[in-house]
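K.L.:
First the structure, which I've put down as structure tokens, then a few questions once you've had a look.
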Amino acid sequence: MNSVKINLGNLKRVFSCVLIDNSDEYAYLGSKTGDVVEVSLGHAIYKRVGPSGQLFSQGVECLH
């Protein structure tokens with residue numbers, strides 16, 4: 001496993017969990033603020049954040 005620096009722009013989050021898809025192409029990061037951030041591992045770029053509208057009130061502790 002290697003670390004990769006990814007530019008998240010002005011997005012500031014404390015991440016509590018990570019899930020990497022089966023193809024090792026994307027990582028999904030669960031945050032303490034209650035959203036999930038998708039990043040592309042191949043290009044080391046931020047893709048999107050969700051859910052739009054309402055966050056998970058107790059944060060995201062586990063992704064499956």
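K.L.:
For region 7-33, give me the residue count where each residue is polar (S, T, N, Q), assigned to a strand (DSSP E or B) and surrounded by 13 or more Cβ atoms within 10 Å (Cβ to Cβ).
P.N.:
Number of matching residues: 2.
K.L.:
Here are the criteria: (1) at pLDDT 90 or above; (2) within 12 Å of the chain's Cα centre (by Cα). Tell me which single one LYS12 does not satisfy.
P.N.:
Only one criterion is unmet by LYS12, namely (1).
K.L.:
Output the residue which, of all residues in region 34-55 that are in contact with a Leu (Cβ under 6 Å, 6 or more places away or on another chain) and assigned to a strand (DSSP E or B), is modelled with the lowest pLDDT.
P.N.:
Residue satisfying both the conditions and the ranking: TYR46.
K.L.:
Restricting attention to region 40-64, which residues are touching a residue at least 24 places away in the same chain (Cβ under 8 Å) and either farther than 16 Å from MET1 by Cα or among the small types (Gly, Ala, Ser) (or both)?
P.N.:
Listed by number, the residues that qualify are ALA44, ILE45, TYR46, VAL49, GLN58, GLY59, VAL60, GLU61, CYS62, LEU63, HIS64.
K.L.:
OK, next. Among the numbered criteria (1) surrounded by 15 or more Cβ atoms within 10 Å (Cβ to Cβ); (2) part of a loop (DSSP other than H, G, I, E, B); (3) in contact with a strand residue (DSSP E or B) (Cβ under 7 Å, 6 or more places away or on another chain); (4) not acidic (Asp, Glu), which single criterion is violated by LEU63?
P.N.:
The failed condition is (1).
The values are calculated or read from the model by the stated rules, or taken from the named source; none is laboratory data. Computed from a predicted model, the values in this text were never measured in an experiment. Glycine gets a Cβ as well: all are built from the backbone with ideal geometry, and neighbour counts include every protein chain shown.
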